[in-house]
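Just below is one structure, and these are the notes that go with it.
The values are calculated or read from the model by the stated rules, or taken from the named source; none is laboratory data. Quick caveat, the model's predicted, so the values are computed rather than measured. Here the Cβ is made from the backbone with ideal geometry for all residues, glycine too, and neighbour counts use every protein chain on show. Note: areas computed on protein heavy atoms with side chains; ligands, DNA, RNA excluded. Shrake-Rupley method; radii C 1.70, N 1.55, O 1.52, S 1.80 Å.
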Amino acid sequence: MVMNGSNFHISRSVMNIHHHQQQLALLVVVVLLGLMMQSEAAVVRYNFVVQETNYTRLCSSKNILTVNGQYPGPTISARRGDTVIVHVVNQATQNITIHWHGVKLPRYPWSDGPEFITQCPIQPGSRFTQKIILSDEEGTLWWHAHSDWSRATVHGLLVVSPKTGTAFPFPKPHAEVPVILGDWWKNDIQTVMEDFMRRGGDPAPSDALTINGQPGDLYNCSRPQTTRVNVDRGKTYMLRMVNAAMNNIMFFAIADHDLIVVGTDGAYTKPLKTSYVAISPGQTIDALIVANQPRNHYYMAGKFYNSNPRSVFDNSTTTAVVQYNGNYTASPSPVFPLLPAFNDRNASANFTNSLRSLASKEHPIDVPMTITRKLLYTLSINTLPCASNTTCGGPRGNRFAASINNITFDAPRTSILGAYYRGMNGVYGDDFPDNPPFVFNYTSANLSTSLQTPMNGTEVKVLKYNDTVELVFQGTNVVSGVDHPMHLHGYSFYVVGSGFGNFDRQRDPLSYNLIDPPLQQTIAVPQNGWTAIRFRANNPGVWFMHCHFERHVSWGMEMVFIVRNGKRANERILPPPKDMPKC
């Protein structure tokens, strides 16, 4: 009986061991599945219907182009490494393209969006499914139309959160708040553009600036719709900001609250505490605010920075209201922030030059140290003769133009990417110069009018796969000096140096920041100054580079890089989708 009992106990022990093994095996499977889910990228889908929608601002109504009837457009949310599929249907009466600003789209330029650079436009009644491949971007990006001036109303945020199982490199905020800075014309934006191009002068200034599509308290017929942000005292909030305005850098601040910048252009930065930000068109900023002030109502406000005294611009201020939750009596009027003067170029440059990459173990950087291609590109405002027997709105009756290395870009009527991929001749040339054709004192106060006339051309710069590039943007005072927010598609770049005056090849590189330069896709080159960037050409394709002031793009301040395929299979452009729009 005892032996039987012993056998019985042994059997139970064996059963227990098997049971524990099964539980352990199940736990291992669950953990592995969890790890796989964390590492596996998701496919996220959105439908974008481009249509005309009636909107009322400033006491007047008009039809505007929208996505899904929304202004600003819908926010796309994804995680790092995901793929986003967007089905774009054009139900409007004009051509459209959509650009995913700040997304590198590795080896897949087909979805990048700039009209006649990487695609023909999506015509009315047509559709195009765009595949947005996210790679190392993390933070706030955005999307916008990239044809004519449609981006004035066709734009929205693209929020890339950390992968599941990872976290922000700062304490998680209580909530995230979109802050889309823009501008509004009472007139139809297409009419504004066509009138500006016909006259050859500056465009008509906007009638209001906006925060999340609303002008705010300081404009007629706007107070009831002013954007309001409710906060709890003691909590931290993250602003996901973009400057979607058409033609100006903006200053932005919140009354009595510091901003702690923690990211820009889809990459993290060292925390930067500041009372204001200067944000270029196209640029995004992630900033924390701590609701640590007495309960009250506080204005967040934005206004244009304009460094050129000859340029006509909208000198108004847009506001939104940060209002604390709780029972209290608010001030009769919200507290107003102190913003830099509209022409304070040092305030703009000082903020931009204060950004630093996080450069941590979890978020490392890789600044190219050995450079194989050194480029110097001058950025100039120019003039061209007006048509016979007519007078234009530019200097001396001429029409304005703009150039990079004295070439005003002449857009083709078909896709450069399509021509390159298929080996078509006659669409573009490959002679874009490494240096400006004329060497002169670029920022002199008195430059000869003979420097004002540019060449016209559709020239591209060809780079080899894995070229390491140092590109110095040099602003000039030809016609008139002004800031230029330069945006490169398909890449982020390290901003290693900047300054006023002429770049000195012997002196200025000695002061480069090669330790923790910010990683950006849009950088404001200061008025009559220079900015140096570095990047590795490891994303094959056709990639647009241009000033993000829309008037300068219309005048021709743009060019194209073609990055050749590498030798390996994973270093080559992927094939185009079957539904690429036709010209």
> Is at least one residue of region 238-259 at pLDDT 95 or above, more than 25 Å from the chain's Cα centre (by Cα), buried (at least 18 other Cβ atoms within 10 Å of the Cβ) and part of a loop (DSSP other than H, G, I, E, B)?
Replying inline: yes
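Please work out if GLN520 is of a type outside the set (Lys, Arg), open to solvent by less than 30 Å² (accessible area, probe 1.4 Å) and within 30 Å of GLU194 (Cβ to Cβ). Break it down stepwise before answering.
On the way: of a type outside the set (Lys, Arg): yes; open to solvent by less than 30 Å² (accessible area, probe 1.4 Å): yes; within 30 Å of GLU194 (Cβ to Cβ): no.
Here the answer is no, as GLN520 does not meet what is asked.
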> Is there a residue in region 425-442 that is open to solvent by 80 Å² or more (accessible area, probe 1.4 Å), in contact with a Ser or Thr (Cβ under 9 Å, 6 or more places away or on another chain), more than 19 Å from LYS374 (Cα to Cα) and without any contact (Cβ under 8 Å) to a residue 60 or more places away in the chain?
Replying inline: no
>> If I filter region 194-205 for residues that are out of contact with any Lys or Arg (no Cβ under 8 Å at 6 or more places or on another chain), open to solvent by less than 40 Å² (accessible area, probe 1.4 Å), touching a residue at least 40 places away in the same chain (Cβ under 8 Å) and of a type outside the set (D, E, K, R), do I get at least one hit?
In response: no
> When you go through GLY69, GLY5, GLY34 one by one, which is the residue that is modelled with pLDDT under 95 and under 46 Å from the mean Cα position of the chain (by Cα)?
Replying inline: GLY34
>> Condition first: at pLDDT below 95, polar (S, T, N, Q) and either loosely packed, with under 15 Cβ neighbours inside 10 Å or over 22 Å from ASN528 (Cα atoms) (or both). Can you find one or more residues in region 368-389 that meet it?
In response: yes
> Which of the residues that make up region 396-424 are charged (D, E, K, R), touching a helix residue (DSSP H, G or I) at 6+ places or on another chain (Cβ under 9 Å) and either buried (at least 20 other Cβ atoms within 10 Å of the Cβ) or modelled with pLDDT of 95 or more (or both)?
Replying inline: ARG399
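Taking region 173-193 only, how many residues are part of a helix (DSSP H, G or I) and either open to solvent by less than 40 Å² (accessible area, probe 1.4 Å) or among the small types (Gly, Ala, Ser) (or both)? Working first, answer last.
If we filter region 173-193 for residues that are part of a helix (DSSP H, G or I), which is where we start, we get 189-193.
If we keep only those that are either open to solvent by less than 40 Å² (accessible area, probe 1.4 Å) or among the small types (Gly, Ala, Ser) (or both) as well, we get 189-190, 192-193.
Summing the residues that are part of a helix (DSSP H, G or I) and either open to solvent by less than 40 Å² (accessible area, probe 1.4 Å) or among the small types (Gly, Ala, Ser) (or both) in region 173-193 gives 4.
What strands (runs of 3 or more DSSP E) lie completely within region 44-130 and have 1 or more residues being of a type in the set (S, T, N, Q), more than 30 Å from LEU519 (Cα to Cα) and open to solvent by less than 10 Å² (accessible area, probe 1.4 Å)?
Working: elements: 60-67, 76-79, 83-90, 98-101.
The strands (runs of 3 or more DSSP E) meeting that bar are 60-67, 83-90.
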> When you scan region 272-294, how many residues do you find that are under 15 Å from PHE351 (Cβ atoms), among the hydrophobic types (A, V, I, L, M, F, W, C) and outside any strand (DSSP E or B)?
Replying inline: 0
> Which one is nearest to PRO581 (Cα to Cα) among residues in region 409-455 that are β-branched (Val, Ile, Thr) and out of contact with any Leu (no Cβ under 8 Å at 6 or more places or on another chain)?
Replying inline: THR414
> Can you spot a residue in region 314-329 that is assigned to a loop (DSSP other than H, G, I, E, B), more than 22 Å from the chain's Cα centre (by Cα), crowded, with 16+ Cβ neighbours inside 10 Å and among the polar types (S, T, N, Q)?
Replying inline: yes
>> Restricting to region 453-477, count the residues that are open to solvent by less than 20 Å² (accessible area, probe 1.4 Å) and more than 27 Å from PHE493 (Cα to Cα).
In response: 1
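Residue-wise test of (1) under 26 Å from the mean Cα position of the chain (by Cα); (2) not in a helix (DSSP H, G or I).
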position: ALA341; (1), (2): yes, yes
position: ASN346; (1), (2): yes, no
position: PHE351; (1), (2): yes, no
position: PRO368; (1), (2): yes, yes
position: LYS374; (1), (2): yes, yes
position: ILE381; (1), (2): yes, yes
position: ARG396; (1), (2): no, no
> Does ASN570 qualify as being part of a helix (DSSP H, G or I) and under 23 Å from VAL462 (Cα atoms)?
Replying inline: yes
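Does GLY139 fit the bill of being within 18 Å of the chain's Cα centre (by Cα), of a type in the set (Gly, Ala, Ser), within 16 Å of ASP82 (Cα to Cα) and at pLDDT 95 or above?
Values: within 18 Å of the chain's Cα centre (by Cα): yes; of a type in the set (Gly, Ala, Ser): yes; within 16 Å of ASP82 (Cα to Cα): yes; at pLDDT 95 or above: yes.
When the stated conditions are applied, GLY139 passes them.
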>> Go through (1) buried (at least 16 other Cβ atoms within 10 Å of the Cβ); (2) touching a residue at least 60 places away in the same chain (Cβ under 8 Å) for HIS297 and report which single condition fails.
In response: (2)
>> Given the options GLY475, GLY501, name the one that is touching a residue at least 40 places away in the same chain (Cβ under 8 Å) and in contact with a Leu (Cβ under 7 Å, 6 or more places away or on another chain).
In response: GLY475
>> Yes or no: region 148-155 includes at least one residue that is open to solvent by less than 10 Å² (accessible area, probe 1.4 Å), among the basic types (Lys, Arg), modelled with pLDDT of 95 or more and within 26 Å of ALA92 (Cβ to Cβ).
In response: yes
